[in-house]
């Protein structure tokens, strides 16, 4: 199962884009501290149920999946690895964060049950 839980600070304001398909994508840049220093991860939130209620400097918890996408730019094929968010929650909203983490845990447990049930 491809599941990411990312906690960090928004290093810039969320930016929205309209795709040709009519979908809305919010782009966020989340910076986290690690044992090796600081790292940033691009986050794409496609058609969220509401615009992000966060801004630059806010701490957030992102739950989603890692995706690598390919695109053409400048006549060459390029790629980008990003987190595709299923939820973005302000870290200060602890009850909402707890519920989002419980949903992620349930998805992991469901996947483990399905994997264990497969012949192999």
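Tabulated results
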{"item": "Of 65, 102, 78, the one that fluctuates the most in a GNM where the chain has Cα springs shorter than 10 Å", "result": "78"}
{"item": "Residue-averaged 222 nm ellipticity for the chain, from DSSP H runs of 4+ at -39500 (n - 2.57), nearest 500", "result": "-7000 deg cm²/dmol"}
{"item": "Structure-derived semi-axes √(5λ) of the Cα gyration tensor in Å: which label, when the choices are [x] 25, 21, 16; [y] 52, 13, 9; [z] 25, 15, 12", "result": "[x]"}
{"item": "Spacing of the two label points (7 Å from each Cα toward its C-beta) at residue 33 and residue 79, in nm", "result": "3.3 nm"}
{"item": "The range 70-107 and the range 33-64: distance between their alpha carbon centers, rounded to Å", "result": "7 Å"}
{"item": "Percentage relative contact order, the chain, counting C-alpha pairs under 8 Å, at least six apart", "result": "24 percent"}
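Values in this text are rule-based calculations from the coordinates and carry no lab data. Because the structure is predicted, anything quoted here is derived from the model rather than measured. Cβ sites come from the backbone with ideal geometry, for glycine too, and all protein chains shown count toward neighbours.
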